[in-house]
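Derivation of every value follows stated rules applied to the coordinates shown; laboratory data play no part. Quick caveat, the model's predicted, so the values are computed rather than measured. Don't worry about glycine lacking a Cβ; one is built from the backbone with ideal geometry, like all the others, and counts go over all protein chains shown.
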């Protein structure tokens, strides 16, 4: 049977095995997908071991996305720009790397009928999560994409990768008097329950606030948006299932239906 893994450290919290086994059942694909805790210095060994045991692909989560990038013989353009890989494909001795996070984000926004085309979008954060979604956002032809970060140079470094697009870099503070249609949080601050240094004025100008993080409770950012009566408040669970569906398609050439799996996952989280 074709073997797949999700590699990470920690990994016990991963929903990927649940999602991919649901996809496999739905699409009648005979695969085995499991999570695997990998020691920090053993990532390459874990990949080699999987390949030797009929491994066809893997997902990669923190802290191995950059190591996965370095291990690849071939990369997609979006993975090259992101500098990180979350999906590995093993074929004929070649390790191919891709990142499906951007696809997951965009597909979830479109699923919620959020129009990205001609929109002014604010992306909060300049780490790996932000880097992984910029190209996919730009492919939707927004009017502008502004990347805000505490350290301006990190946001500017991402913006500089896209010289032919309307991408701007600012500090969090500089967003105070700017107006956006969509605000996307790509920082991990939401997990700590701390509010982002973004003014109420900026948040209330938006019609959509999206947090890549998900949980049983809304993040501090989404709670703030709700208090400010933002129309569309969306967590990252749909992005998680969407990026998994994109990985599944890369491996099996079959597109699974996201909706029933997302509903099952939402139900599981609430129990």
Q. By how many nm would the segment from residue 111 to residue 153 lengthen if fully extended, with 0.36 nm per residue of separation less the alpha-carbon distance?
A. 11.8 nm
**Q.** Spatial separation of Cα centroids for region 224-238 and region 24-74, in angstrom
**A.** 33
(Q) If I fit a long axis through the Cα atoms of helix 258-270 and take the longest principal axis of the Cα atoms of the chain, what angle between them do I get, 0 to 90°, rounded to 10? (A) 80
Q.
Sequence gap at least 6, Cα distance under 8 Å: using those rules, report the relative contact order of region 138-271 to the nearest whole percent.
A. 16
(Q) If you average the C-alpha positions of region 85-163 and of region 1-22 separately, how far apart do those two centres end up, in angstrom? (A) 23
Q. With the Cα gyration tensor of region 77-166 giving a ≥ b ≥ c as the square roots of its eigenvalues, does the rule (a/c under 1.5 for rounded; else a/b larger than b/c for prolate; else oblate) give rounded, prolate or oblate?
A. oblate
Q | Theoretical gain in end-to-end length, residue 226 to residue 74 [0.36 nm per residue, Cα-Cα removed] | A | 50.4 nm
Q: Kindly express, to the nearest 10 degrees and within the range 0 to 90, the angle between helix 16-27's C-alpha long axis and the longest C-alpha principal axis of the chain.
A: 70
Q. Could you work out the helix-only [θ] at 222 nm for the chain, with each DSSP H run of four or more residues adding -39,500 (n - 2.57) and the total divided by the number of residues, to the nearest 500 deg cm²/dmol?
A. -11000 deg cm²/dmol
Q | Ranked packing of 243-249, 154-160, most packed first, by mean Cβ within 10 Å | A | 243-249, 154-160
Q) Based on DSSP, what percent of beta bridges with both residues in the chain are antiparallel, to the nearest 5? A) 20
Q: Please give the FRET efficiency for residue 41 paired with residue 255, using the beta carbon to beta carbon distance and R0 = 30 Å, rounded to the nearest 0.05.
A: 0.25
Q | Between helix 237-252 and the chain: long-axis angle, C-alpha atoms, 0 to 90°, nearest 10 | A | 40
